[in-house]
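A short write-up of the structure that comes next.
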């Protein structure tokens, strides 16, 4: 274990890895500052650039970009009253009032330091959990992995908001997309319709570029928003005041970070729910609650610490079980697959050094984000407007050239275009894109585990393997939970009606 | 076309796709169809259930708030109630407008994307990026012609250096490249 910790750190101490981390964080902050583009778009655009480099350098680029967007998203919430992403909503409650009071730099400083401390706590949690999770992983076999993959998809469809059926349909579509091409077991071409191009299957990075980046650019183009702007207010605060505030409220940072770990481990929770939960927790556990909503710096510290710790928490199920808790973790899994690394038992046994490299990337990435954020906060506090529409043609061009560059084939540009339309329609009609990519990522696990389970244990493996049976029961309970809840609420309302209430 | 009709058409389209996938799956060997066949059946059942729910039980929500399960929903509800005007304003700014765009507007967005694809096919990536970026920024009046051209050509140069030089990718020269090359040689 100690060897893995040290070799993980040393693997990052190469010029390429450090440079990629720096580029990733800077790029992530830039993308995060632009409203309408989030961590997922930032990571998607980087996927074509991740071929042919060292594993640690590639992960530093991707995860660094994601961590950079955590703070970048806060900037528009705090300065412009426009959340850069759903998770930045809670920052508007106190961050923007602080800007109106001439304390914008203080808010940005507190935000940057909170992300740093929360991220470090999340990384420590991940490192501590690994020795406990490893023995559990070794108990699991193909039947358990199959059930876990199915349970992961069901959990996310149930809890991630929107219709349960639409979530599951999106996951099923994702599974079918992954099945296009040669069946690895029997070498049968599936759903290729005679096309030689489709024999290699649909490239996951190209599909992601379409579903997330191209679809988001179409949405931005349709919105035709004017540049967001604000009246500049004289800012007499400093970044260091924000840093001091964070350390003065260290108890709040720790509590919020623990909440962030919990939210990160749970699938399907994220977005604005996590930030608001952190804010609610801050109000409940703090003195002088009446100051919240009027420019209280604690209203900035709590959500940011939660978001920072979320990274470490979210990586645990992703690395240990190969079950992504959300779209950004699913994109990380796609990157792993591109590099030939399979999350799960192999990750925690043969590639433990890569796991600890990820832990170090979170720590270094958060430090770099905080340092860069604090350095540019005085400049950002003087920015009168942001025009994300300038990025639309640039991002589209990067998308298509990147899609072409993955395999050097023009057909991939057509695929990216088709997935762009699919991604837009999914957003419009509220089918979960996160479930789509989770279905794509887990399809390989499902097929491989099913074949091996049937070979080793026969068709009744669900009932002969106790852990698999328990997980199967959990799948059924999770799928039935919405109907049970609806029925319980209906009965409660009937009782109230009978009571004349 | 009302929202419900659109949703029904989407669901019916998905049903048709899953049925086609089911039929295609039956033509594969037993091991090759071991996963696709049951998944297609599950997809068909889910779409039928979705069609039923969205037409006859649309008032019933089937999603579960995980915060409610862990007991944190009341605290979150208090915060959401306190900041309701802010949350409503933000929701109106983003995400709730997709349903309000007309078919013509959406067609224009698709056309923009297809225009770029056509440029890439005909001219090749580097010229297409320069021309499309310049044209988009100028015609949408985001910046002046000169700034648009500067951004466009900078973007093209960046992509050429990154993909063509650093990553060593051979960038497709486009359908017109042989004709332009021949013209230059003759000239």
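Applying 0.36 nm per residue to the separation of residue B:150 and residue B:111 and subtracting their alpha-carbon distance, the gain on full extension is 11.6 nm.
In this simple spin-label model, placing a label point 7 Å from the Cα along the Cα-to-Cβ direction at both residue B:158 and residue A:474 gives a separation of 4.4 nm.
Please work out whether the range B:97-149 counts as rounded, prolate or oblate from its C-alpha gyration tensor, where a ≥ b ≥ c are the square roots of the eigenvalues and a/c under 1.5 means rounded, while otherwise a/b larger than b/c means prolate and anything else oblate? Provide the component values of the computation, followed by the final result.
Values: a/c = 3.78, a/b = 1.40, b/c = 2.70.
Here the range B:97-149 falls in the oblate category.
In terms of Cα atoms, the Rg and Dmax of the range A:284-415 work out to 20.3, 61 Å.
Which whole number in µm²/s is D for the range A:336-493 by Stokes-Einstein, with the Kirkwood Rh taken over Cα pairs at 37 °C and 0.692 mPa s?
Details: Rh = 21.7 Å.
For these conditions, the coefficient is 151 µm²/s.
Kirkwood hydrodynamic radius of the range A:384-438 from all distinct Cα pairs, in Å? Let's see the in-between values first.
Details: mean 1/r = 0.0775 Å⁻¹.
Evaluated on the range A:384-438, it is 12.9 Å.
Taking each DSSP H run with n ≥ 4 as -39500 (n - 2.57) and averaging over every residue of chain A yields -24500 deg cm²/dmol at 222 nm.
Against chain A, whose longest principal axis comes from its Cα atoms, helix A:15-33 is set at around 70 degrees.
For peptide A:216-223, the mean count of partner chain Cβ atoms within 10 Å of a residue's Cβ comes to 5. Taking only the C-alpha atoms of the range A:1-86, Rg followed by Dmax gives 14.5, 47 Å. Other protein chain C-beta atoms within 10 Å of residue C-beta, averaged over A:482-488: 3.
According to the Kirkwood expression over distinct Cα-Cα pairs, how big is the hydrodynamic radius of the range A:188-253, in Å? Write down the numbers at each step before the final one.
Numbers: mean 1/r = 0.0556 Å⁻¹.
This gives a value of 18.0 Å.
The mean number of Cβ atoms from other chains found within 10 Å of a Cβ in peptide B:30-40 is 6, as a whole number. Extending 7 Å from Cα along the Cβ direction at residue B:140 and again at residue A:250 yields two label points whose distance is 4.8 nm. Normalising by residue count, chain A has a Cα convex hull of 169 Å³ per residue. Over the C-alpha atoms of the range A:283-345, the Rg to Rh ratio, Rh being the Kirkwood estimate, stands at 1.26.
The orientation-averaged projection of the convex hull spanning the C-alpha atoms of the range A:331-381 amounts to 4.6 square nanometres.
Rg/Rh for the range A:1-46: what does it come to with C-alpha atoms and Rh from Kirkwood?
Values: Rg = 14.1 Å, Rh = 12.2 Å.
Taking Rh as the inverse mean 1/r over Cα pairs, Rg/Rh reads 1.16.
With an 8 Å cut-off on Cα pairs and a minimum separation of 6 or more residues, tell me the relative contact order of the range A:360-489 in percent.
Values: 22 pairs, mean separation 8.6, N = 130.
About 7 percent, as a whole number.
For the range A:78-135, the spherically averaged projection of the C-alpha convex hull amounts to 4.8 nm². Normalised by the number of residues in the range A:293-421, the mean separation of alpha-carbon contacts (under 8 Å, six or more apart) gives a relative contact order of 13 percent. Rounded to the nearest 10 degrees, what's the angle between the helix A:104-139 long axis and the longest principal axis of chain A, both from Cα atoms, 0 to 90? Helix A:104-139 and the main axis of chain A meet at about 30 degrees.
With 10 angstrom as the radius, rank A:287, A:224 by how many other C-beta atoms surround their C-beta, starting from the fewest.
Working: A:287 6, A:224 9.
Sorted ascending by nearby Cβ count, the order is A:287, A:224.
Figure the gain on full extension for residue A:3 and residue A:232 (residue separation times 0.36 nm, minus the Cα-Cα span) and round it to one decimal in nm.
Values: separation 229, 0.36 × 229 = 82.44 nm, distance 5.23 nm.
Taking 0.36 nm per residue and subtracting the Cα distance, the gain is 77.2 nm.
Between residue A:195 and residue A:285, the simple spin-label model (points 7 angstrom out along Cα→Cβ) gives 5.2 nm.
Kirkwood Rh over alpha-carbon pairs of the range A:37-86, then Stokes-Einstein at 4 °C and 1.567 mPa s: what D in µm² s⁻¹, rounded to an integer? Kindly include the intermediate steps, with their values, before the conclusion.
Working: Rh = 11.6 Å.
Roughly 112 µm²/s, to the nearest whole number.
Per residue, how big is the convex hull of the range A:25-145 when only Cα atoms are used? Give it in Å³.
145
Relative contact order for chain A: 28 percent, from Cα pairs under 8 Å spaced at least 6 residues apart, divided by residue count.
Calculate the FRET efficiency for residue A:18 and residue B:5 from the Cβ-Cβ distance with a Förster distance of 41 Å, rounded to the nearest 0.05.
On the way: r = 55 Å, r/R0 = 1.35.
Calculated transfer efficiency: 0.15.
Computed from the alpha carbon atoms alone, the convex hull of the range A:81-236 holds 198 Å³ per residue.
Read-outs: derived from the displayed coordinates by stated rules, not from any lab. None of the values given here were measured: they were computed from a predicted structure. Ideal geometry is used to build each Cβ from the backbone, glycine not excepted, and the neighbour counts take in all protein chains shown.
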